[in-house]
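Every read-out reported here was derived from the displayed coordinates using simple, explicitly stated rules and does not represent laboratory data. What you see is a predicted model; the values in this text were computed from it and never measured. Every residue, glycine among them, receives a Cβ derived from its backbone with ideal geometry; neighbour counts consider all protein chains shown.
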Amino acid sequence: MSMEIAPTGVPRTYRLAGELDLLNADRVAAKLEPESREHGDLILDLSDLAFIDSSGIRVLLRTAEDMEDRGRLILRAPNRQVQVVLSLVGVAREGSGIVVEDAQEPEWGTPVKCTFPTERASLAQIRAFVRRRAMEDSFAEWADGIVLAVSEACANSVLHSGAPELEVTWRPYADHAEVEVRDEGVFKRDVGGDSGGTGNRGFLLMMALMDRISITCGTDNRPGTVVRMVKDRKGRGTSGSRLGASASAGGRFPSPQPRVAFLMR
């Protein structure tokens with residue numbers, strides 16, 4: 001997606017549209033530099049800005065610093081994804097010279113649920129749902145690992161639960177994300193076994209990629225399985241980008257830390 005910065009027709013007001021990243025940060029900074037030397041507030045309309053990374057944040061901070069005491073840098077109407085980044089970095093902290101107005105504040109802890117048939121064909125739809133949520137809530141750095149872990153949990157449900165459908169719940173917080181996979185079936189436990197099969201490798205992947213996992217195991221007498229997984233923004237699990245490096249020589253997975261809890265109904 002290209003990046004556009006253009007005056008809106010209102011004095012000292014610019015509209016930013018597209019993605020502000022390393023590719024175009026210098027161009028945007030050069031465009032704002034003359035304005036930063038003038039007096040009065042400088043307004044950036046971010047309602048059409050789809051993405052911002054650390055390079056873009058650096059442009060905003062540098063512009064506000066260059067303005068000194070001549071005015072404020074006002075960031076107007078950032079969408080939810082952009083506002084998450086601005087909040088995490090703390091661009092509008094006291095003394096920064098930056099003010100955020102009319103932002104779509106992230107609703108931390110608000111669950112987003114989706115139900116799928118327990119069919120193999122559903123796995124691609126589940127991965128798309130989880131990836132979209134991770135991207136929108138600024139967990140892009142960990143999206144690949146989260147998606148893979150959830151896919152493995154759902155695959156186990158498809159293969160073993162015997163339930164007609166499963167429910168995936170995404171719940172973001174400022175410092176971590178929680179994903180829950182729930183069905184009304186029976187949990188088949190085979191973690192760390194030495195059966196020679198490949199069934200336990202899915203759980204090894206989940207343990208390597210996520211920071212904490214708890215599994216409420218459905219049984220024949222009391223069906224209903226819930227797999228809860230947590231990914232910290234600065235967690236111990238392997239990031240998706242480093243997935244290929246998580247296996248040692250010989251293709252073996254690293255020994256997982258004891259971060260998995262099994263709970264019986």
Subject >> Extension gain, Arg201 back to Asp102 (0.36 nm per residue minus Cα-Cα distance, nm) >> reply: 31.0 nm
Subject >> nm² value of the averaged projected area, convex hull over the Cα atoms of segment 62-127 >> reply: 6.5
Subject >> Sites Ala6 and Ala155 - FRET efficiency at Förster radius 35 Å, r taken between beta-carbons, to 0.05 >> reply: 0.15
Original post:
What spacing in nm lies between the two simple spin-label points modelled at Glu19 and Lys234, each 7 Å away from Cα in the Cβ direction?
Top reply: 2.6
Original post:
If all Cα-Cα distances of segment 130-171 are sorted into 10 Å bins from 0 onward, what percent lands in each bin, rounded to whole numbers?
Top reply: 28, 46, 22, 3
Subject >> Paramagnetic label zone (point 7 Å from Cα along Cα-to-C-beta, Asp41; backbone N under 15 Å) in segment 1-29 >> reply: 10-14
**OP:** Report the calculated FRET efficiency for Thr115 and Glu141 (r = Cβ-Cβ distance, R0 = 30 Å), to the nearest 0.05.
**Re:** 0.60
Original post:
Tell me, what is the FRET efficiency for Arg222 and Asp175 to the nearest 0.05, using R0 = 41 angstrom and their Cβ-Cβ distance as r?
Top reply: 0.75
